[in-house]
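In what follows, a single structure is set out as structure tokens and then discussed.
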Amino acid sequence: MKHYMSIKDIKNIQQAVVECQKIKLDCSGQREIGKQKTLGLIFMNPSLRTKISTTQAAYNLGMDIIPIDFNTGAWGLEFQDGIVMDGSSTEHVREAAAVIGEYCDVIAIRSFAKLEDKEADAKEEIFEAFKKYSGKPVINLESATKHPLQMLTDLLTIEELKTKAKPKVVLTWAPHEKALPHAVANSFIEGIKGMDYDFIITHPEGYELDSSIVGDIPVIHDQDKAIKDADFVYVKNWSSFSDYGKVLNKDKNWTVTADKMKQAPKAKVMHCLPVRRNLVLSDDVLESSQSVVIQQAKNRLYAAQYVLKTILESET
Amino acid sequence: MKHYMSIKDIKNIQQAVVECQKIKLDCSGQREIGKQKTLGLIFMNPSLRTKISTTQAAYNLGMDIIPIDFNTGAWGLEFQDGIVMDGSSTEHVREAAAVIGEYCDVIAIRSFAKLEDKEADAKEEIFEAFKKYSGKPVINLESATKHPLQMLTDLLTIEELKTKAKPKVVLTWAPHEKALPHAVANSFIEGIKGMDYDFIITHPEGYELDSSIVGDIPVIHDQDKAIKDADFVYVKNWSSFSDYGKVLNKDKNWTVTADKMKQAPKAKVMHCLPVRRNLVLSDDVLESSQSVVIQQAKNRLYAAQYVLKTILESET
Amino acid sequence: MKHYMSIKDIKNIQQAVVECQKIKLDCSGQREIGKQKTLGLIFMNPSLRTKISTTQAAYNLGMDIIPIDFNTGAWGLEFQDGIVMDGSSTEHVREAAAVIGEYCDVIAIRSFAKLEDKEADAKEEIFEAFKKYSGKPVINLESATKHPLQMLTDLLTIEELKTKAKPKVVLTWAPHEKALPHAVANSFIEGIKGMDYDFIITHPEGYELDSSIVGDIPVIHDQDKAIKDADFVYVKNWSSFSDYGKVLNKDKNWTVTADKMKQAPKAKVMHCLPVRRNLVLSDDVLESSQSVVIQQAKNRLYAAQYVLKTILESET
């Protein structure tokens with residue numbers, strides 16, 4: 001694996017999940033693999049799970065970590081080519097990425113969708129620039145359109161909890177105050193498509209996701225029908241994709257509650273966190289034995305360690 | 001020791017001081033104790049000594065450190081139960097603490113008193129939430145009402161400097177521009193009560209501390225009389241407790257000066273730092289041989305290392 | 001070496017460059033030298049290269065690192081002596097430096113010129129305070145008037161790239177939107193003066209640097225003539241020194257372009273970075289084989305590791 005930008009960078013997704021499971025059995029015995037290797041950690045946006053799990057994974061592999069904060073600690077970045085840099089940006093990404101590439105063996109980056117301009121977001125500017133100018137492997141810690149470490153985590157969680165060969169998996173939209181990106185939903189769909197599951201997506205009208213990602217996965221607007229007899233209910237808000245970045249609907253009938261989950265009494269409820277309680281998911285679901293969100297969050301470690309390890313081993 | 005929230009979590013305070021002294025003799029030989037153990041460090045407020053000493057103590061024990069910054073780096077926390085999270089807070093402490101508990105073996109937290117609502121501060125919301133939802137030991141790096149690592153440091157400092165079996169120890173209020181919390185004074189009193197010292201408190205009227213903590217310790221309003229022939233003068237500002245969080249008095253006659261210290265020529269002057277010069281303590285005291293504030297600040301390391309070590313050893 | 005504040009702290013600069021070259025051949029084999037030694041890292045201003053290279057150098061030497069952020073994480077510093085601290089500063093540098101000195105074996109500091117008051121900048125207040133009150137070696141990560149790690153890097157870069165015994169080296173001013181400090185130019189001049197090079201400085205009128213540093217180095221106002229047949233062209237903006245901190249000129253005829261570099265076709269172009277593209281240096285120079293700015297940036301590591309190693313070995 002050179003970069004880890006999307007699920008497509010994993011050749012065999014089912015094998016990858018098996019490797020994650022092996023790491024989970026003994027994650028602390030790998031401190032020689034990354035010895036004297038340096039991980040550059042770039043967060044353009046807030047993070048709890050991603051920062052902790054990636055840091056812990058790097059420690060477990062014996063790596064050194066260099067955090068780089070372009071928001072407060074380092075120089076403001078310019079991305080546009082050919083520009084006369086007489087404005088507020090102090091350093092062009094061509095130099096910044098090249099310099100970081102001289103020091104770091106792997107570069108992990110989080111940079112969310114701005115949700116203002118679909119084409120601009122789709123360009124994944126900072127990731128493409130670092131791939132091009134750093135000369136080093138780049139790991140996606142959530143980009144504008146993908147969150148592939150979350151997806152690998154989600155598959156690991158489903159695989160270790162499923163009680164039948166072909167579980168019914170539902171991805172359901174839920175309401176939120178703010179406009180959220182599509183990255184988690186996109187990557188979840190891409191991941192599930194690689195598995196032999198019974199998969200369905202449900203959301204209100206107007207919330208259709210990128211059709212090139214959804215493909216022929218069934219989509220219905222009846223959440224109750226979608227959830228019925230599910231084995232896994234993955235809850236997530238996203239903003240409109242067609243009316244890009246807009247919040248069209250805050251209908252609390254879409255909040256996933258314990259009452260709603262009665263239709264799928266054996267289902268496990270998943271969410272990538274952070275979750276807005278009583279808006280996306282109700283307290284009574286999160287406090288119930290159906291919720292596996294904390295176990296899921298812990299699995300971020302094994303996904304991150306698998307990806308880092310695979311990249312480090314590819315480099316040698 | 002499960003948590004370290006207050007002095008009451010130490011069974012034998014005198015034995016704890018002896019253990020701190022042992023660590024001081026060889027603090028760097030313990031790098032195996034915390035190997036592959038992770039310390040989560042959460043600062044909701046500024047810190048110099050606490051951050052440095054806790055970090056160094058963790059390094060001395062071979063621990064990995066994960067800093068978590070809820071103010072700038074991670075998601076804004078919600079504490080209220082049952083709330084519909086449609087405001088500015090992005091993550092409930094129930095999830096945040098549970099997730100951090102999955103990754104960290106010990107969680108150390110600083111969260112000062114807000115000094116707006118006595119009952120709210122007394123609840124120690126963030127600490128109680130992390131104790132409840134993280135499932136991991138929590139260390140108090142200064143809460144609204146307690147600063148037990150400072151207290152252990154203070155006792156270590158007094159024990160290594162005292163020249164008589166039962167020294168006279170004075171806690172004196174001093175003026176300050178801003179409203180400061182009661183945590184340091186509270187913990188100092190709780191700590192001194194466990195020792196066989198001759199202890200007296202002095203402050204202006206209106207600055208009475210929590211009577212449930214002061215108990216039957218003598219309190220006088222005559223600073224000169226209190227300081228006379230003291231062996232240790234502990235200087236500290238705090239805001240009013242009865243008129244909660246108010247600054248009632250900025251009387252510079254309470255500033256501890258060299259002239260004032262002539263009444264106690266053998267006394268050592270202590271302060272937890274940071275100190276406002278020429279307001280709380282005068283330059284001439286801080287530059288004199290009576291001041292032990294730097295030695296005291298260094299002792300924070302041994303107190304932190306003792307507490308971390310004791311918790312790690314209790315866990316196994 | 002006690003402190004590393006300027007080139008004058010290196011006894012034999014040519015020998016120092018040779019030592020940097022040796023470290024470059026095997027920088028990762030020195031993890032025992034700094035074991036259980038702590039580096040305090042204080043950045044009062046932004047940094048990319050300096051933070052990464054100093055961090056990596058400390059890791060390569062096996063040191064522990066404690067970052068101390070006085071801007072957001074720690075208490076605001078007071079520098080004035082004798083002041084009554086009833087304003088916004090919370091801690092005097094006398095205590096802060098002394099406490100940090102108790103915990104750190106080496107203290108590295110960045111604090112730029114404010115460019116408001118020449119005498120105030122010349123005092124290098126924070127560095128002098130840390131030297132005086134910490135009792136520990138202080139490394140200059142760019143002060144108001146010096147950037148000696150950059151200088152050592154620059155010499156290493158020239159020595160490894162020069163193709164004749166006595167290369168022609170040009171320091172040329174280039175335009176910039178903002179007022180920049182003189183530290184890089186000052187240290188470059190001081191460093192080059194220690195080598196047997198053919199050295200010339202060029203800048204517009206009004207941009208004369210400190211004459212006590214420039215001494216008898218030739219200075220001309222004709223950039224083309226200066227660059228002609230050069231072996232190394234070091235490009236850097238600085239603000240006026242006589243009309244202190246003012247931007248007198250933004251003349252883009254001084255921008256170093258590929259066209260201009262035709263006069264020195266074998267020359268290597270250097271810059272300390274970050275660089276404003278198409279203002280200081282044009283895209284076509286930075287993308288050409290004449291540019292060595294990335295190699296130069298990587299050399300920061302070996303300079304930092306040499307200085308840290310030399311200080312650690314002097315301490316024992």
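The values are calculated or read from the model by the stated rules, or taken from the named source; none is laboratory data. Predicted model only: the values in this text are computed from it and were never measured. Cβ coordinates were reconstructed from backbone atoms using ideal geometry, including for glycine residues, and neighbour counts include every protein chain displayed.
Kindly provide the set of residues from segment C:1-57 that are in contact with a Leu (Cβ under 7 Å, 6 or more places away or on another chain), farther than 21 Å from A:Ile100 by Cβ and small (Gly, Ala, Ser), ordered by number. Matches in segment C:1-57: C:Ala16, C:Gly34.
Yes/no per residue for (1) out of contact with any Asp or Glu (no Cβ under 7 Å at 6 or more places or on another chain); (2) among the charged types (D, E, K, R):
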| residue | (1), (2) |
| --- | --- |
| B:Asp81 | yes, yes |
| B:Ser88 | yes, no |
| B:Ile100 | yes, no |
| B:Cys104 | yes, no |
| B:Ala108 | yes, no |
| B:Phe112 | no, no |
| B:Glu116 | yes, yes |
| B:Asp121 | yes, yes |
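Reported count of residues in segment A:8-42, each being in a helix (DSSP H, G or I) and either among the polar types (S, T, N, Q) or under 15 Å from A:Arg300 (Cα atoms) (or both), is 12.
Does C:Ile107 satisfy being aliphatic (A, V, I, L, M), away from chain B (no Cβ under 12 Å) and not in a helix (DSSP H, G or I)?
Numbers: aliphatic (A, V, I, L, M): yes; away from chain B (no Cβ under 12 Å): no; not in a helix (DSSP H, G or I): yes.
Criteria not met by C:Ile107.
Number of residues in segment A:252-279 that are within 13 Å of chain B (Cβ to nearest Cβ) and not aliphatic (A, V, I, L, M) equals 9. From the list A:Val256, A:Val233, A:Val219, the lone residue that is among the β-branched types (Val, Ile, Thr) and under 20 Å from the mean Cα position of the chain (by Cα) is A:Val233. The residues listed here are C:Ser187, C:Ser242; of these, the one that is at pLDDT 95 or above, of a type in the set (Gly, Ala, Ser) and in contact with a Gly (Cβ under 9 Å, 6 or more places away or on another chain) is C:Ser242. In segment A:116-139, the qualifying residues are those that are touching a Leu at 6+ places or on another chain (Cβ under 8 Å) and of a type in the set (A, V, I, L, M), and the one that is nearest to the other protein chains (Cβ to nearest Cβ) is A:Ile126.
Can you find a residue that is in contact (Cβ under 8 Å) with a residue 60 or more places away in the chain and either more than 16 Å from B:Ala303 (Cα to Cα) or more than 21 Å from the chain's Cα centre (by Cα) (or both) anywhere in segment B:62-84? Spell out the reasoning first.
Taking segment B:62-84 as the starting set, the residues that turn out to be in contact (Cβ under 8 Å) with a residue 60 or more places away in the chain are B:63.
Imposing the further condition that a residue be either more than 16 Å from B:Ala303 (Cα to Cα) or more than 21 Å from the chain's Cα centre (by Cα) (or both) reduces the set to B:63.
Yes, segment B:62-84 contains a residue that is in contact (Cβ under 8 Å) with a residue 60 or more places away in the chain and either more than 16 Å from B:Ala303 (Cα to Cα) or more than 21 Å from the chain's Cα centre (by Cα) (or both).
Output yes when any residue across segment B:287-298 is more than 18 Å from B:Ile158 (Cα to Cα) and outside the structural domain of B:Val106 (by TED's automatic domain parsing), and no when none is. Checking segment B:287-298: at least one residue is more than 18 Å from B:Ile158 (Cα to Cα) and outside the structural domain of B:Val106 (by TED's automatic domain parsing).
Filtering segment B:291-309 to residues that are surrounded by fewer than 18 Cβ atoms within 10 Å (Cβ to Cβ) and more than 12 Å from chain C (Cβ to nearest Cβ) leaves nothing.
Of C:Lys51, C:Lys24, all but one fail to be in contact with a Gly (Cβ under 8 Å, 6 or more places away or on another chain) and within 14 Å of chain A (Cβ to nearest Cβ); the exception is C:Lys51. Consider B:Ile66 carefully, then state whether it is in contact with a Gly (Cβ under 9 Å, 6 or more places away or on another chain), within 8 Å of another protein chain (Cβ to nearest Cβ) and either part of a helix (DSSP H, G or I) or under 29 Å from A:Cys27 (Cα atoms) (or both). Criteria met by B:Ile66. Pairing residues of segment C:29-47 that are charged (D, E, K, R) with residues that are in a loop (DSSP other than H, G, I, E, B) and buried (at least 17 other Cβ atoms within 10 Å of the Cβ), at Cβ distances under 8 Å and at least 6 apart in sequence or on separate chains, gives C:Arg31/C:Leu61; C:Lys35/C:Met63; C:Lys37/C:Leu61; C:Lys37/C:Met63; C:Lys37/C:Asp105.
Check segment C:276-299 and report whether any residue there is in a loop (DSSP other than H, G, I, E, B) and among the charged types (D, E, K, R). Step through it out loud before you land on a result.
Initial filter on segment C:276-299 (in a loop (DSSP other than H, G, I, E, B)): C:276, C:278-280, C:282, C:287-290, C:292.
Restricting the remaining residues to those that are among the charged types (D, E, K, R) gives C:276, C:287.
Scanning segment C:276-299 turns up at least one residue that is in a loop (DSSP other than H, G, I, E, B) and among the charged types (D, E, K, R).
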